[in-house]
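The values are calculated or read from the model by the stated rules, or taken from the named source; none is laboratory data. All figures in this text were calculated on a predicted structure; none of them were measured in a lab. Neighbour counts run over all protein chains shown; Cβ positions are idealised from the backbone, glycine included.
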Amino acid sequence: MKEPMSISDLVGIWGGVVSTILLFFTLIQAWANRSRIEVDYIFTGDALEGNLVKIRNISSDPIIISYWELICKSKDGLRWKQDWTIDSDPSFEDDIKINAHSQYTLIFNEGDHFDWKDKPKKIYLRSCIAGRKKPLLKKVYG
């Protein structure tokens with residue numbers, strides 16, 4: 001015959017259920033607070049006005065971008081080949097800090113201005129964010 005559960009067994013089960021529920025809520029909160037960025041663009045044909053790439057931090061914590069590259073790829077038959085790359089100046093010692101729910105604009109004018117209209121292209125922003133192991137690759141255009 002089976003013995004009834006003791007008080008210590010019930011307390012143990014209760015502790016296991018409560019800790020599992022708290023773990024679930026902690027994981028949801030950690031997922032919601034991860035570093036997330038959104039990329040938008042304003043491209044012009046004028047080299048003086050320049051092309052703009054806006055980086056928005058849509059997370060609730062500030063992010064620090066230590067390095068970035070703008071990469072353009074075009075269709076070459078069945079493959080995509082890399083046409084050009086514009087990157088952050090390696091001698092630039094200050095990182096880009098983007099506060100929570102704000103944005104930073106990269107301006108590409110004069111010597112950094114690029115053409116984006118002539119053939120099917122895809123433009124990506126690769127950014128190294130502090131605290132992440134791998135660079136983040138976001139599609140800007142195409």
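Could you tell me whether W68 is more than 27 Å from A130 (Cβ to Cβ), of a type in the set (A, V, I, L, M, F, W, C) and in a strand (DSSP E or B)?
Considered against the rule, which asks whether it is more than 27 Å from A130 (Cβ to Cβ), of a type in the set (A, V, I, L, M, F, W, C) and in a strand (DSSP E or B), W68 comes out as no.
So, K75, is that one part of a loop (DSSP other than H, G, I, E, B), modelled with pLDDT under 90 and out of contact with any Asp or Glu (no Cβ under 6 Å at 6 or more places or on another chain) or not?
For K75, the condition - part of a loop (DSSP other than H, G, I, E, B), modelled with pLDDT under 90 and out of contact with any Asp or Glu (no Cβ under 6 Å at 6 or more places or on another chain) - is not met.
Would you mind stating whether Y104 is touching a Cys at 6+ places or on another chain (Cβ under 7 Å) and surrounded by 15 or more Cβ atoms within 10 Å (Cβ to Cβ)?
For Y104, the condition - touching a Cys at 6+ places or on another chain (Cβ under 7 Å) and surrounded by 15 or more Cβ atoms within 10 Å (Cβ to Cβ) - is not met.
Mind listing just one residue for me: the one in the range 91-117 that is among the hydroxyl-bearing types (S, T, Y) and more than 18 Å from Y141 (Cα to Cα) and, of those, modelled with the highest pLDDT?
S102
Counting just the residues of the range 32-72 that are of a type in the set (S, T, Y) and within 14 Å of the chain's Cα centre (by Cα), which one comes out modelled with the lowest pLDDT?
Ranking the candidates gives S35 first.
Which residue is modelled with the highest pLDDT, if the candidates are limited to the range 121-138 and must be charged (D, E, K, R) and within 10 Å of I71 (Cβ to Cβ)?
Going through the qualifying residues, I end up with R126.
For the range 64-82, which positions are charged (D, E, K, R) and buried (at least 17 other Cβ atoms within 10 Å of the Cβ)?
K73 - this is the single residue of the range 64-82 that is charged (D, E, K, R) and buried (at least 17 other Cβ atoms within 10 Å of the Cβ).
Before we move on, is K97 surrounded by 11 or more Cβ atoms within 10 Å (Cβ to Cβ), in contact with a Ser or Thr (Cβ under 7 Å, 6 or more places away or on another chain) and in a strand (DSSP E or B)?
The answer is no for K97.
Filter the range 43-63 for residues that are of a type in the set (A, V, I, L, M, F, W, C), in contact with a Ser or Thr (Cβ under 9 Å, 6 or more places away or on another chain) and either surrounded by 16 or more Cβ atoms within 10 Å (Cβ to Cβ) or over 17 Å from Y124 (Cα atoms) (or both) and give the result.
V53, I55, I63
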